[in-house]
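Below is one structure; the comments refer to it alone.
The values are calculated or read from the model by the stated rules, or taken from the named source; none is laboratory data. Model, not experiment: these values are computed from the prediction. With ideal geometry, Cβ positions are generated from the backbone for all residues, glycine too; neighbour counts draw on all protein chains shown. Accessible surface areas use protein heavy atoms only, side chains included; no ligands, DNA or RNA. Shrake-Rupley method; radii C 1.70, N 1.55, O 1.52, S 1.80 Å.
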Amino acid sequence: MDPGDLVLRGGRLLPVDQVGDVRIAGGRIVEIGRGLVGRRMIDVKDLWVTPGLVDLHVHLREPGQEYKEDIETGTRAAAAGGFTTICCMPNTRPVNDQRTVTEMIVRRAREVGLVRVRPIGAITQNLEGKALADIADMKSAGIVAVSDDGRPVMNAGLFRRACEYARTFDLPVVQHAEDLDLAEGGAMNEGVVSTRIGIRGQPACAESAMVARDLEVVEWTGARYHVAHVSTARSVALVREAKRRGLPVTCEVTPHHLALTDEACSHYDTRTKVMPPLRTAADRDALLEALADGTIDCIATDHAPHSPVEKELEFECAAPGMLGLETAVPIVMSFVHAKQLPVVRAIAALTGAPAKAFDLAAGALAVGALADVAVIDPDRTVTFTADALASKSKNSPFLDQPMRGRAVLTLVEGRAVFDLDGRFA
Ligand code: DOR
């Protein structure tokens with residue numbers, strides 16, 4: 001349905017970084033310039049107009065764990081965060097390791113009709129790491145990458161076969177890089193803080209050892225490889241070196257690994273328990289530097305909703321994961337405001353760069369592109385509260401504190417799927 005001719009007038013267009021107007025008609029961007037006129041004009045002066053944000057790493061929990069989140073609440077949270085395209089991880093129940101599950105997710109997301117949902121298929125059947133899933137069949141049903149996220153592919157031979165299989169479809173292989181033998185079930189980062197508070201930690205090398213192994217296999221097979229939620233300085237160094245050698249490697253960082261360190265776990269707050277764990281300040285600084293210089297391609301939230309049943313437990317027993325979709329923009333903005341991350345790079349890492357990593361037709365503010373657009377108010381103060389979240393779950397350590405900057409309007413094909421101030425009303 002054509003919502004009609006619309007002009008967003010006078011915004012700061014990013015990542016191109018110029019002030020201008022965007023005219024939208026028939027669900028597409030039809031003109032970008034100055035002094036544009038349309039049947040409907042929305043003044044976005046002093047606001048940022050960006051491509052709709054793209055998140056490569058979301059857990060929607062449907063099918064099977066709808067008490068934590070479902071496709072409707074998860075996509076509503078995405079829209080509220082400025083995201084218009086999200087990729088959902090296959091660790092649902094049943095696992096998305098076959099066509100029927102992929103099709104169900106695609107169909108349900110269309111019915112809900114908020115943001116675009118692009119499923120990621122499992123690498124191995126039931127995420128068990130024993131036998132490959134039917135990647136070809138899932139590819140024809142719409143998957144955009146494969147991953148056993150939540151678990152690594154520990155068996156190197158199987159990982160090699162997965163790379164060869166995925167390569168025939170040009171699909172990125174997304175690794176949850178955690179050597180389980182090194183990790184030994186550690187619930188947080190192994191270091192001074194874990195020792196002080198008496199929680200078993202897992203060493204940073206549990207991640208980087210797996211990245212190093214994978215890069216050898218990637219070089220051998222030529223498969224596209226994407227490191228999920230990279231969290232250590234050493235992993236970043238390995239990715240930097242692999243890119244220098246021209247390997248087809250990309251990676252993502254989460255807002256929480258940029259914003260928090262293992263000190264945040266000091267009070268045993270299970271909302272700070274995530275996998276990979278929050279690391280040291282030195283790791284965090286290396287992540288920020290690598291994001292700024294492009295070694296880390298993109299920001300992905302790892303939005304991981306959990307209910308109190310999984311979270312209100314002893315730290316070591318609680319499920320890992322925190323919400324991400326609604327708080328991503330203000331967290332990333334904090335680095336922009338602090339001049340630690342150039343705004344153009346921040347927006348690229350949330351739009352064009354993730355789209356490129358998974359070959360998604362999204363992430364560009366260009367004439368002819370679908371009118372998936374986010375309008376961000378860089379100075380709006382927002383305090384997220386449990387009651388006001390669109391997500392069904394509330395497991396975020398970023399609640400109840402003022403943050404600065406948020407999406408105020410989210411358009412999918414020119415249609416408002418989130419409209420904080422009623423500009424469309
Ligand atoms: O913290 C996490 N939670 N990390 C993962 O890799 C999985 C995710 C989940 O599914 O809850």
Can you pull out the residues in segment 371-388 that are assigned to a strand (DSSP E or B) and surrounded by 22 or more Cβ atoms within 10 Å (Cβ to Cβ)?
-> Val373, Ala374, Val375, Ile376
Just a yes or no: is a residue in segment 209-218 within 14 Å of the ligand (Cβ to nearest atom), under 24 Å from Ile105 (Cα atoms) and at pLDDT 95 or above?
-> no
Near pairs, Cβ below 7 angstrom, 6+ apart or cross-chain, from segment 144-155 (over 23 Å from Lys356 (Cβ atoms)) to any residue that is open to solvent by 50 Å² or more (accessible area, probe 1.4 Å) and more than 9 Å from the ligand (Cβ to nearest atom) | Pro152/Leu180; Met154/Leu180
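So that you can scan it fast, the table gives a plain yes or no per residue for (1) in contact (Cβ under 8 Å) with a residue 40 or more places away in the chain; (2) part of a loop (DSSP other than H, G, I, E, B); (3) not acidic (Asp, Glu):
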{"residue": "His267", "(1), (2), (3)": "no, yes, yes"}
{"residue": "Pro277", "(1), (2), (3)": "yes, yes, yes"}
{"residue": "Ala292", "(1), (2), (3)": "yes, no, yes"}
{"residue": "Thr301", "(1), (2), (3)": "yes, yes, yes"}
{"residue": "Phe315", "(1), (2), (3)": "yes, yes, yes"}
{"residue": "Val332", "(1), (2), (3)": "yes, no, yes"}
{"residue": "Val344", "(1), (2), (3)": "yes, no, yes"}
{"residue": "Ile347", "(1), (2), (3)": "yes, no, yes"}
{"residue": "Pro354", "(1), (2), (3)": "yes, no, yes"}
How many residues, within segment 107-159, are open to solvent by 60 Å² or more (accessible area, probe 1.4 Å), within 19 Å of Val211 (Cα to Cα) and more than 16 Å from the ligand (Cβ to nearest atom)?
-> 1
Can you tell me which residue in segment 303-313 is nearest to the ligand (Cβ to nearest atom), limited to those that are in a loop (DSSP other than H, G, I, E, B) and surrounded by fewer than 19 Cβ atoms within 10 Å (Cβ to Cβ)?
-> Ser307
Answer residue from segment 219-242, given it is part of a helix (DSSP H, G or I) and in contact (Cβ under 8 Å) with a residue 60 or more places away in the chain and is most open to solvent (accessible area, probe 1.4 Å) among those | Trp220
Any pair with Cβ under 6 angstrom, 6 or more apart, that starts in segment 98-110 at a residue that is without any contact (Cβ under 8 Å) to a residue 40 or more places away in the chain and ends at one that is assigned to a helix (DSSP H, G or I) | Glu103/Ala141; Ala109/Ile71
Criterion (assigned to a helix (DSSP H, G or I) and either touching a strand residue (DSSP E or B) at 6+ places or on another chain (Cβ under 6 Å) or of a type outside the set (Gly, Ala, Ser) (or both)) met by exactly one of Glu216, Glu252 = Glu216
Among the residues of segment 314-324, which ones are open to solvent by less than 70 Å² (accessible area, probe 1.4 Å) and either of a type outside the set (A, V, I, L, M, F, W, C) or more than 8 Å from the ligand (Cβ to nearest atom) (or both)?
-> Phe315, Ala318, Pro320, Gly321, Leu323, Gly324
Identity of the residue in segment 163-185, in contact (Cβ under 8 Å) with a residue 60 or more places away in the chain and away from the ligand (no atom under 16 Å from the Cβ), that ends up surrounded by the fewest Cβ atoms within 10 Å (Cβ to Cβ) | Asp170
Quick check: is even one residue across segment 129-148 closer than 26 Å to His256 by Cα and of a type in the set (Val, Ile, Thr)?
-> yes
